[in-house]
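The values are calculated or read from the model by the stated rules, or taken from the named source; none is laboratory data. Please read all numbers here as calculations on a predicted model, not as lab measurements. A quick note on method: Cβ atoms are made from the backbone with ideal geometry, for glycine too, and the neighbour counts reach across all protein chains shown. Ligands, DNA and RNA are stripped out before the accessible areas are found, and what is left, the full protein with its side chains, is counted by its heavy atoms. Shrake-Rupley method; radii C 1.70, N 1.55, O 1.52, S 1.80 Å.
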Amino acid sequence: MGFMVRALLTTLGLVLILGVMGAGGAIYVFQKFGQDLPEHRQLASYEPPVMTRVHAGDGRLLAEYAIQKRVFVPLTAMPKRVLNAFLAAEDKNFYEHIGIDPLGVLRAIIINIKNIGNQRRMVGASTITQQVAKNFLLTNEVSWRRKVKEAILAIRIEKALPKKRILELYLNEIYLGFGAYGVAAAALNYFDKSLDQLSIEETAFLAALPKAPNNYHPHKKHKAALIRRNWVIERMALAGFIAREQAELAKTKQLTVYSRSETQFVQAPFFAEDVRRKLADQYGEEGLYKGGLSVRTTLDPKLQEIANKTLRGGLIAYDRRHGWRGPLAALPADARLNLPGDWKREIASIARPKGLNGWKMAAVLAMQADYAQIGLEDGTEGRIPLRELYWARAWMKDQKRGAKVKRPSDVLKVGDLVAVELITTDDKGELYPEGFYGLRQIPDINGGLVAIDPHTGRVLAMAGGYSYELSQFNRVMQARRQPGSAFKPFVYLAALDSGFTPSTLILDAPFVIDQGRGLPKWRPANYAKKFFGPSTMRLGIEKSRNLMTVRLAQTIGMDKVAEYARRFGIVDNMPEILSMALGAGETTLMRITAGYAMLVNGGKQITPTLIDRIQDRHGRTVFRHDDRKCVRCRARFWEDQRTPEVPDIRKQLTNPSSAFQIVGMLEGVVERGTGRRIKAVGKPLGGKTGTTNLERDTWFVGFSPDLAVGVFAAFDTPLPLGKRETGSSVSAPIFRDFMAAALAEKPSIPFRIPPGVRMVRINARTGKLAREGDKNIILEAFKPGTEPTGESQILEGQSWSPNGGSVSSASGTGGLF
């Protein structure tokens, strides 16, 4: 009996000693390895990197910016089946343990001891909390030291965070292969489904991946992936998460993955890039690529599509007027000798040029009298008929062209590699046989188009060049060029605010200024090199008369002209010299188009914007372009109360009557002046052409009552565009085609007349009150008391020299028009 007692006491003593030693060892390990561990409390406020999404005005996707394409889903929004699948596969005791699972560790030790010598994979016992500690706070180092640190951190994390937060971090952070971070991205990448659409077998497959996604690749290691998936299904059944019948049925299903549906993006690369830059400037690269911003832009996809199409079409039209610069490339000599041969392989061996925009590459296989036989890159054959080669006269210096094309061999030769486009009709609408192609050429000229809502400044469309693939330089925002006569309306506006009227007579005659010793005399001239005597202000802007504009600017003072240029945001610090009145000061297409928008909206200041609203990852609005306050707009119920009025806080930049007068004069440009091509649209439109010296830059900027549009076209390196190529012939047709498509389904709305304006019938040529028998009678806008009286004075201006002496008038070239 005494022996039994002593043995029991000895055993208890040993257990106590071992327990104390174990506790002491645990304390030592915690102190030894628990020092200098990462701060685990940061996980309480941790937000995983989430992609920023940029949307067009109608909600369609414009761009995505991310380092890891993760879709964050709160735990409360995840289906129960997804949670259960991962718990069954990874940590069935998750809601019971303290961060580590002692029973799981013991089980893993026993299994690993049994597996010694049979080359089976070692079994792990990491809990979900341990995986969170490793993924967020530790490295992937494989060592017992890291495992100890992982266990310590897991226990600390469990004390600091609720279980739901730990599981949410895990399911949104974990890498599951196929470039997917988090379960939501994995559901899309593997099955093209959202989480709530996943079946049992699909959910089980995703839960099978965390340990080693590459070991269960559905294509490369299909058998292993199927076994692992079925193992997870069995675990779900054993845990009671699904019924046995459901499990057995799910195991019989094929493991099939589906490619993710290609995301449909609105095609506006120049617009999207400018938005990206603004976001990076405001939130930094970290906020842009990891912040999960939701950005609603001002873009109208329909108008953007029209802008892309019309700008490209206009640039191509100009390019074709100036001839053929030659093929994209030529096949090697030995390949040309073996044609037709394997032309598909030969084409594939040559790098595809950028900027083809849907055109196909083709090799010229043979020449006939009335067509060229071609082989396309897809292996099919076709023909380029002679009629489609008539435009392709040889390009010559100064944008001139060579002799007329009489046969295909005048343009092409066997072995040429060219761009072609499938065509069905010729320019007269006659049908071509199947397999006919037109010869195409990437334009040398480039340009931009922008459309703005004149009442809000919202940028509705922006095409910054012919092809973003070819050049990322944005000619709407970045190209600073002289606007030429497109600036003149602001000179005339300053004059209208100074008391002049559209009927004021200005002398159109030679004008010369002596600029001082050693400098040539400045002799501006009209584009037609003619002089028309006293003419109305309206006629001066309709016909774009340089000499009248210079005299007007001289009379009102260049200080006032410079002030209006600054006020309307066109040029910030304009030199106060007369040549600036003809558009010699550099600006951008965006700035001058915004200036025109402020003319048609009645002289109210607007700020162009590409972004309507920005929300953070939690849905909070952090930026809004329209910052007007409207308390009554937030009423929860509609009880037939009075419609709230949103205050108009826009600054008034000019007299609304003056703004309307200049709008009417610019409408005359379209009706009777340099913009007559645009009259074909058949809607109330106004605008102004612009061309600089030697036809280097061409512009057309204009508007309808509710849409302001600017077009610029030129070579990126300023060069003459060729004889008679002006804003009227290059940019105006692009404006016309854009407006025709944009306004096709819109009602014809007249320009809005502000209060205090009198509409008077006058003779458009003389500016005098209309009389019986007069032709060209129009309704002209006048401020009260400024209507024509029958008496008139002529504004003559003054040519002068630095010494104060009068300089005799002399004709000459120069100036902008």
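Quick notes on this structure:
- Computed on region 350-399, with alpha-carbon pairs under 8 angstrom and 6+ residues apart, the relative contact order is 22 percent.
- For region 417-466, applying the loop criterion from DSSP together with a ceiling of 10 other beta carbons within 10 Å to the GluC sites (Glu not before Pro) yields 430, 434.
- Overall, the anisotropy analysis places region 685-773 in the oblate class: the square-rooted eigenvalues a ≥ b ≥ c of its C-alpha gyration tensor yield a/c not less than 1.5, with a/b not exceeding b/c.
- Stokes-Einstein translational diffusion, region 312-370 - Kirkwood Rh over all Cα pairs, 0.692 mPa s, 37 °C, in µm²/s: 239
- A dipole drawn for the chain from +1 and -1 charges on Cβ atoms has a positive end, and of 600, 621, 556 the residue lying farthest that way is 621.
- Think of the chain as a dipole: +1 on every Lys or Arg Cβ, -1 on every Asp or Glu Cβ, centred on the Cα centre; then among 501, 218, 644, 218 lies furthest on the positive end.
- The chymotrypsin sites (Phe, Trp or Tyr not before Pro) of region 621-678 that DSSP puts in a loop, and whose beta carbon has at most 16 other beta carbons within 10 Å, are 637, 638.
- Residue 473-residue 354 pseudo-label distance in nm [points 7 Å out on the Cα-to-Cβ vector]: 1.2
- Solvent-accessible area assigned to carbon and sulfur over the chain amounts to 53 percent, based on a 1.4 Å probe.
- Based on DSSP H segments of at least four residues, each scored -39500 (n - 2.57), the chain has a per-residue ellipticity at 222 nm of -10500 deg cm²/dmol.
- Residue 178 paired with residue 645, simple spin-label distance in nm, labels 7 Å along Cα-to-beta-carbon: 5.8
- Solvent-accessible area per residue for region 658-796 (1.4 angstrom probe, square angstrom): 46
- Between residue 618 and residue 787, the simple spin-label model (points 7 angstrom out along Cα→Cβ) gives 6.5 nm.
- Pairwise inverse Cα distances across the chain, averaged and inverted, put the Kirkwood hydrodynamic radius at 33.0 Å.
- Rounded tilt (10° steps) of 102-114 against the dominant C-alpha axis of the chain: 70
- Relative contact order (percent, whole number), the chain, Cα cutoff 8 Å, 6+ residue spacing: 12
- Hits among aspartates and glutamates - C-alpha to C-alpha of residue 521 under 20 Å, sequence gap 8 or more where chains match: 508, 576, 796
- The C-alpha atoms of the chain define a longest principal axis, and helix 128-137 lies at about 50 degrees to it.
- Calculated FRET value between residue 80 and residue 586, using beta carbons and R₀ = 60 Å, to 0.05: 0.40
- Considering region 349-419 at the alpha-carbon level, its Rg and Dmax are found to be 13.1, 39 Å.
- Remark: the chain carries a charge dipole of roughly 780 debye about the Cα centre, counting +1 on each Lys and Arg Cβ and -1 on each Asp and Glu Cβ.
- For the chain, the longest principal axis of the alpha carbon atoms and the long axis of helix 656-672 meet at an angle near 70°.
- Working note: Cα atoms of region 221-376, range along each principal axis, descending, whole Å: 80, 51, 28.
- The relative contact order of region 408-511 comes to 14 percent, based on Cα pairs under 8 Å that sit 6 or more residues apart.
- Taking only the C-alpha atoms of region 393-547, Rg followed by Dmax gives 24.1, 70 Å.
- Share of Cα-Cα pairs in region 370-463 lying beyond 17 Å, as whole percent: 62
- Estimated FRET transfer efficiency when R0 is 22 angstrom, pair residue 428-residue 406 (beta carbons, to 0.05): 0.65
- q = 0.14, 0.15, 0.27 Å⁻¹, region 175-258: log10 I(q)/I(0) [Debye, one scatterer per Cα]: -0.42, -0.48, -1.42
- Volume of the convex hull of region 162-211 (Cα atoms only), normalised per residue: 73 Å³.
- Over 18 Å between alpha carbons, listed pairs 529/723; 309/543; 488/688; 278/354; 92/163; 223/253: 309/543; 278/354
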